[in-house]
Every structure is written in C-alpha cells, then in structure tokens.
Amino acid sequence: MDKKEILKEFSSDPDRYYNVKLFQEQGFVRKACSKCGRFFWTLNSGRDLCPDDADDTYSFIGEPPTTKRFDYTQAWKQVEEFFVKNNHTSVSRYPVVCRWRDDLYFTIASVVDFQRVMGSKVVFEFPANPLVVPQTCLRFKDLENVGVTGRHFSSFCMIGQHSIPDSQGYWKDECVDLDFRLLTDQFGIKKEEVIFVEDVWAGGGSFGPSLEYFVRGLELGNAVFTEFQGELGQHTTLDQRVIDMGAGLERFAWITMGTPTAYDCCFGPINQKLFEKIGIDSDSEILRKYFTEIAKALDNFEDLNDVRRHAIKTAGVTDDQLNKMITPLEGVYLIADHLRTLIFAITDGALPSNVGGGYNLRMMLRRINGTINRLNLKLNIDELIDAHIDYLKDTYPELDEKREDVKQILKLESTRYEESKVHMKKKAEKIREKGVPSVDELITLYESDGITPEYLKEVNAISEIPSSFYSKLSDLHQSEKKKTITELPLEKLPETETLFYKDDPMEFEAKVIKVFDDQVILDKTSFYARGGGQEPDFGSIAGFNVINVDKHADIIVHQLEDGVPKEGDTVSCKVDETRRVNITKNHTSTHIINASSRGVLGSWIWQHSAFKDDDHARLDITHHSSLTNEQVKQIEDAANSMVKQNLSVNIDYYDRGTAEQKYGFRIYQGGVVPVKSVRIVSIEDQDIEACGGTHVKKTGDIELIKITKTKRIQDGVVRIEFVSGPTAFQYVKDQEEESKKQAEENIAKQTLEKQREENKQKAREQIPILLEKILGGESGELDEITVKNKICFTASEQYDDYFHQNFGKKLITKDSKAAFCGIFESGPTVRIMMHAGEESGVNSGEIAKEIASILGGSGGGDAKFAQGGGKDTSKKDEAIAKAKSMILG
Ligand SMILES: [Zn+2]
Ligand SMILES: [Zn+2]
C-alpha cells in the first residue's frame, strides 16, 4: 500500500483524521512546513518549519527543556507512574525472543507482544485495557549506526501505550491528550515545545492515521490509530480498532539529560567505567558540538561515513581529537549497547550461532570483541555484565536470575572467536591481495567463515564498512522463519471430530465423508494425524490398511492402500494400538528429556524440533556444544528418575492469554499455537508445554528411557536420539548381547592367536630335526613341507617369517643342491620367501617375481635369495599352485 497516497487522503480531511480535542482546547494551529510541505500542529503560530527542518533541531543537547533530569531507569518510573495514575495497567515486558509468532525471531515493537496468529490471520490479545509496557525491542538493521549516531541502538525500550476503544479503553482524543500531558505535566516540558506531525501507518493489510510527537527536533513517540483494512478507497473500518503508541524510552531520558548522545544517559554506570579505561571525559564542548552536527546531518547523507566526515569538518574536530576521543568513544558506546542486547537475548533463551536469529547475536559479540582488540582495551566482560544487570534489575528482575548463564555463554563464544582468528587472519591476507570486496562478498565471508567486516577493518584488509552491509544481512535472515502452508480442495467439508482428544477408542465406526484417490475423510476419527513431530497412527479403515494420516486445517485425511471404501458408507476402523502406545511413550519421553536437559545443561535449552515414531524418537535442543558422555548419562539418569517418580501427566485447556500469563512463554517449546484455546500438557511442575500430541497418564508407564546417540547437528543445535518403553528394554538387551558377543569373540580370537604362537614356537624348535631329515635324504610330506630331492615347498600356516628365514638359509648353507620356498600370510599381504643353493637349479629371483605379480604386488632378489608379495589374497591358491609347479616341477 502506498503510504504517500494514504497520507494525502487523510491530510485532505484533517478534521476527520487528525484534529483531536486537545488541539482545539489548547489552541494548536495546523501548519504546512515551508520546506518539505508536511503538516504539523503547534502552539506557536509563527512557526513555519517542521521539527526535522527547523533551527532548533537537537538544541536540547547541552540545554535540556526540562528542569528535572531522569536517566533511563528513572525515566521509566516517570512514564509508568503517569500511566498507572491514569488508569493503565503496567504490564511486564514480553521476551525479546518472539516465540509466539512464527514469522519473527525477535520482538521488534511493543504491539508485537499482543499479536497472535489465528489460522492465517493476526489478531490482538491484550492482557489488560488500556495498558503500558516497557518492551525491550531488538532491531539489527541499523547496526552500523550504533555508537556513531548518538541515537541508534540494537535494542531499545519501546514504551508501549495500547488501548482498544471500548467501555474501558479510549480512542484518539484521550490518547493524544495523555501523551501531551505525559510530556508537559509529568516531564515538565513547556507546551510550546511539543509539536505533532501528521503521518500514516500501514502494514499487514491494515492502516490508519498517526501523530508523531517531537520536542526540539527529537521524535519522542508515534501514536498510531489502526483503524482501517483493505485498499484505500475501498477500505472498511476494522472490527477491532487499536491504539499503538510507541515511544523510545532512551529518548525520554536523553531529552531531560541533554547529554551529547542518548548513550550517555541510558547505560547507567557502564559508560563511566569504560571512559575511565580509555581516559576520556565525555562531558566536553567538542563532543556536544560534534554529536549535535551528527544528529542534524544524519538524514542529509546516504552514507554514514559521509555524515561523519561532515560533522568532523563542521564541528572543527582535529585529527588528534578524532583518534583520541571520537573513535574510542564510538567503540565504548558500541560495546555497552551490544552487550545490553546480548544480556536480554540470552536471558530470554537465545544463543549466538550461525543460524536464524542467532546470527545477529554472534555478529554483535564479534563486533564487541573486534572493538576491544582494535582499541586495545583491557576489559573484563563479566564486570560489564554485572554493571548492566545491577543497573537494570529493578525494572527487569528476570535479568538478575540469568546473570551467570549470560556470562557462561558469552565466555564460551568469545573463546571460539579467539580460536578462529588464525584462520581469519589467513583469509584477511588473501582479501587484502585481491582488493576491495563487494557487499555480497563481505556477506559470504561472514556467513561461511564467520569473518566480520569489523575484523577486516581491524586488520586493515578494508578501510570502511559499507553502510548497506548490516541491513542486507538482516534482510537475508529475516524471512527464513516463514513457513509455507499447502492448501487442499477441502473448502466445503466439515471439521473432523477428533476422537483422540476425547475417549480415544482404538476401534470405532465412522462415516466416509469424501474420497480423493487413495485419501479418505471421515466424519470422526481416532487416527492421530501427523503433527508436532508425532508420526501418524496406522491401522485399518473398512479392512484397508491406513498408511498415512495428515491434518489439513481442521480436516483429517487418511491415506489407504489397496483400495478405499465408498463415500457415504459407514465403516469400521481399527487403530494399531501397539504402535500408538509406543509413539505415545516416546512423545512423553520427549517432554521429559527436554526438561532433564534443561536441568542438566542450563536455562538456554529449548526444543528446536522433535520427531516421535514408534520404535525411535529424537529431540533437537538448542545448546552451544557437543554433549560429553557424562552429560548424556546425567540427562538419561534425570529422565529415568522422572519416570521412576511416576509423575502425573495432566492435560488442561486454557485461553491462550491466560496460559501465557500463568506459565510464561516456556509453553511454546513446539512453536506457536495458532488457536485461541491452548492444550497444556504438564508433567506436574517439572515440564509444562503447549502440545497437541498423545501422552501417557503417568510417567511410570514409560518404564525406561535410553539415549542411544547424541550429535551436534548444526551450530547451536544438539540432537538427542532415544528409545523408550519396550524398545528401550530391547535396546538394553541388544546392547548386553552385543557386548557379550564381543567379549566371546575377543576370547576366541585370543585363543586362536595363542595357539598360532605356540605352533610357530614349536615349528622353530623343529628346525634342527627337519634339517637332519631332509639333508639325510627323506622325501614326501614332512610336517606339511613337501620335499622332493632336497627341494622343499610349504604354504602351511604354522610357519612364520622367522621360520622361513632361518630354515631356508641353514638348509642351503649345508647343502648347495637344496632349495626352499615358503608362502605365508603376513598382515594384509601374502608373501613368498625363496632360498636356493647354487647347484639346486632353482632361480629364487625369477620365482619370487612371478608369484608376487600373481598376488598383485612385486618381488625381487637374486638367484640365491629373493622375496616378495601382494595384497590380493584371493589369488593365494593360484600363487601356491604356480610356485609349487615352478619349484617342484
Ligand atoms: Zn519539513
Ligand atoms: Zn509434545
């Protein structure tokens, strides 16, 4: 939808869309900006320029328009006090990891807290009306601005003021009145300083007018009145109109403090700690001048690097000041900002990784590490985490609980970064040789090698980071989470009655509603359809085998083989009960392993995905490292302890909002729930999840859980494969049998080896006796040696290398008419060894060469002594026959 068109339309009828009661009561006049033409409302009738274009833009820096000063946490207390006083409920923030929307990784605005998916529609669910919330929002599009512009953050607190116009809530007049009084009464800003600018908001099929409010060029908030749906001109009024007023808490603090940047008043004691490290005074005239110029010029240039150059020139910053003040200061702000974002994200269960939303987190930590190295700072990250959390914990007590987890994760991740540096250094050298890389090349470098542009800048492989890098990267990782839904032509069919959520009979009668080829739809069914990682039930319908069951919205579709019943028939159906029972045990085991993993490993463990079949199952969890054998054992023990305790598994239905308030967002282990009524499966107080699967009644029914394998399947995800119930017992039995078999085989092998050694030893002892017999003229078979006129051949296993070497040599030394050929196995090769006396008429070298070539190898030597061999053991018999005929004729 074209926002400009809508704005034109709305601004052509300001009385209808923008002229609120406050404007009339206070005497606001409507003006058009003489520079950009935008309409704005002001008490100063002589004013001709909108807040963006006026001379007073950012004049609050160094000279705030309030008498009282409020930093970040104090500013929230003021806002909260004001709205609560005016009948709003103050709601705790929602997680920054947006588990309740499947198209967003992170919470990007306060209104997202209350948006729920309902089929394909987004609906609002407010826990109170009206309400105010200090919602931490994460946005990664402007990452290159953070630390530089004085007002961009990777996470910020959006003051969300929300109301539905009904008996409790209000609409435009009261909203704007409240916002005006918040600024004037609560914060003490002069009425004449407040300017409202006409704008519109459009998104997700709905739109409405909005009033942005400014003080001295700083946009403090934007009151959006979501009112219409459809295309402009043919639009209709929404059933559920909503006020979505979002304001930046950081800006509220900034306007009262008048510091050079918003960062100076929003990170508590952190900045001071960092300033001391680098030895700068943030309260200097040149910084005020420089950051005021940055703030004013920000929208006038395409490239941030140009904004910076402009401000350096206009503020008269010397090279020395740039290098010793501005650059280190930007680094300090970046570190404080990024660290705060990581604390929120990790507290809420996200992990830095290479996939999905984890990408941005890893990127931020790498930027922190890169900045620390570039500025050569000696920083203790743990101390900074403590300082952040100590400052924020009154407003956000949950941060305090995860303090140690945050430290552990960041330490591990930093260590990995250090370890990858050798590889990165090599890559950076190559880049330097090749010349300036494009933005796409930089993205590839980050995605495949984890090399950040900051690092490349740090090692002088590039001189500047292209402005579009972060927004491009962020776009790439935004849409990944979206799912595709396949539609089937089932529109007019009734919803299938799901018996598995009721009495769950294993045998039942049902009416055939519709048949498509081999797919059958019944009026009711006990066949569980594939969903939530649980595989479908099998069995029979009208005697035909059920081989698959899928759910399409509210309709369950059974796939049959070898035939189908007729539409309209009433048929008898039978669910394969053994399969169902085993799948059910595996499903409840998934919940148990999830809980025991979280207990053993840490609070960041979430279900990433799961799969439950009848004879095996797996749970993928979010974890940073491979599991050790000890951890696997601990998880398995903890799981079996839950089985032994025979805990009750309860299933209750709740209104979605109630379930979230009662149990928190932990319930969304399996992803979002697109219905109003949530099915909560709780294993007493050990594990509580929203889940549509089949479950045992008591954990004791599972009997046993065995983890069969674990593997780190991707960065940040570990797969746990397991079996439960009878399959687990079978697994244990198989394992025992396997190890018993292994032990028996080992003993047999050892016995055989021992026997061979004994035989070889015996053979060595036989050498003098054999020599005597052969030299004495005996012929025929002597101890598996074929003898014919002192020419001897053997391929017996009882003779080894030592025997052939010694026996052959002694034989021909004692009689020059004698010869000896031995063929034997040595490791993977079949070898031949030849000794021939000078008068024997046998040529050792020729025979060894020929035999070795049959065996696929080579041989060599002279007429008297030669050896060789090859690895082709299949040719052993052929080699023996050939050797025998060559030597014995
Ligand atoms: Zn203007
Ligand atoms: Zn489940």
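Since every read-out is calculated from the coordinates, none of them should be taken as a lab result. Keep in mind that what you see is a predicted model, and the values were worked out from it rather than measured. In this analysis, Cβ positions are derived from the backbone assuming ideal geometry, glycine residues included, and neighbour counts consider all displayed protein chains.
Name the residues whose placed amide hydrogens come within less than 5 Å of the amide hydrogen of residue 609, ignoring near sequence neighbours (fewer than 5 apart) on the same chain.
Counting only residues 5 or more places away or on other chains, the set is 620.
For the range 724-783 and the range 27-47, what is the separation of their Cα centres, given in Å?
The range 724-783 and the range 27-47 have Cα centres spaced 101 Å from each other.
Ranked highest first by average number of other Cβ atoms within 10 Å, how do 314-321, 601-608 line up?
Packing proxy ranking, top to bottom: 601-608, 314-321.
Taking the simple approach of a point 7 Å from Cα along Cα-to-Cβ for both residue 626 and residue 490, what is their distance in nm?
Each label point is offset 7 Å from its Cα along the Cβ direction, giving 4.3 nm.
What ³J(HN,Hα) values, in whole Hz, does the Karplus curve 6.51 cos²θ - 1.76 cosθ + 1.60 give for the range 393-410 when θ = phi - 60°, with x put for Gly and Pro?
Working through the residues one at a time gives 5, 5, 7, 10, x, 5, 5, 4, 5, 9, 3, 5, 4, 4, 4, 4, 5, 5 Hz.
Per DSSP H run of at least 4 residues, take -39500 (n - 2.57); add these up for the chain, divide by its residues and hand me the 222 nm value, nearest 500 deg cm²/dmol.
Theoretical 222 nm ellipticity from helices: -12000 deg cm²/dmol.
In Å and from the alpha-carbon atoms only, list the Rg and Dmax of the range 583-660.
For the range 583-660, the Cα radius of gyration and maximum Cα-Cα distance read 13.7, 42 Å.
Mind scanning 551/633; 21/676; 754/875 and naming the pairs with a C-alpha gap bigger than 32 Å?
As for pairs spanning more than 32 Å Cα to Cα, those are 551/633; 21/676.
Above 27 angstrom, tally the Cα pairs of the range 682-830 and express them as a % of all pairs, no decimals.
In whole percent, the share of Cα-Cα pairs in the range 682-830 beyond 27 Å is 57.
Using the Kirkwood formula over every pair of different C-alpha atoms, what hydrodynamic radius in Å results for the chain?
About 33.9 Å, per the Kirkwood formula over Cα pairs.
Would you kindly state how much longer the chain becomes between residue 447 and residue 173 on full extension, computed as 0.36 nm times their sequence separation minus their alpha carbon distance, in nm to one decimal?
Working it through step by step, the gained length comes to 93.7 nm.
Using θ = phi - 60° and the Karplus curve 6.51 cos²θ - 1.76 cosθ + 1.60, what whole-Hz ³J(HN,Hα) does each residue of the range 232-248 get, with Gly and Pro shown as x?
4, x, 10, 6, 10, 7, 5, 5, 10, 6, 9, 8, 10, 9, x, 9, x
Students often check this: by mean Cβ neighbours within 10 Å, which of 748-754, 391-397 ranks highest, and how do the rest follow?
So the peptides 748-754, 391-397, ranked by packing, come out 391-397, 748-754.
Please compute, for the alpha-carbon atoms of the range 229-325, the extent along each of the three principal axes and give them in descending order in Å.
61, 32, 19
Which order do the peptides 514-527, 56-69 take when ranked by the mean count of other beta-carbon atoms within 10 Å per residue, highest first?
Averaged packing, sorted descending, gives the order 514-527, 56-69.
Given +1 on the Cβ of Lys and Arg, -1 on the Cβ of Asp and Glu, and no further charges, what dipole in debye does the range 108-215 carry about its Cα centre, rounded to the nearest 20?
It works out to roughly 360 debye.
Place +1 on the Cβ of every Lys and Arg and -1 on the Cβ of every Asp and Glu in the chain, take the dipole about the Cα centre, and give the residue among 570, 625, 669 whose Cα lies farthest towards its positive end.
625
Compute the FRET efficiency between residue 685 and residue 372 as 1/(1 + (r/R0)^6), taking r as their Cβ-Cβ distance and R0 = 30 Å, and round to the nearest 0.05.
0.10
Round to the nearest 10 and give me the degree value, 0 to 90, for the angle of helix 327-347's Cα axis relative to the longest principal axis of the chain.
Taking the Cα atoms of the chain, the angle to 327-347 is about 70 degrees.
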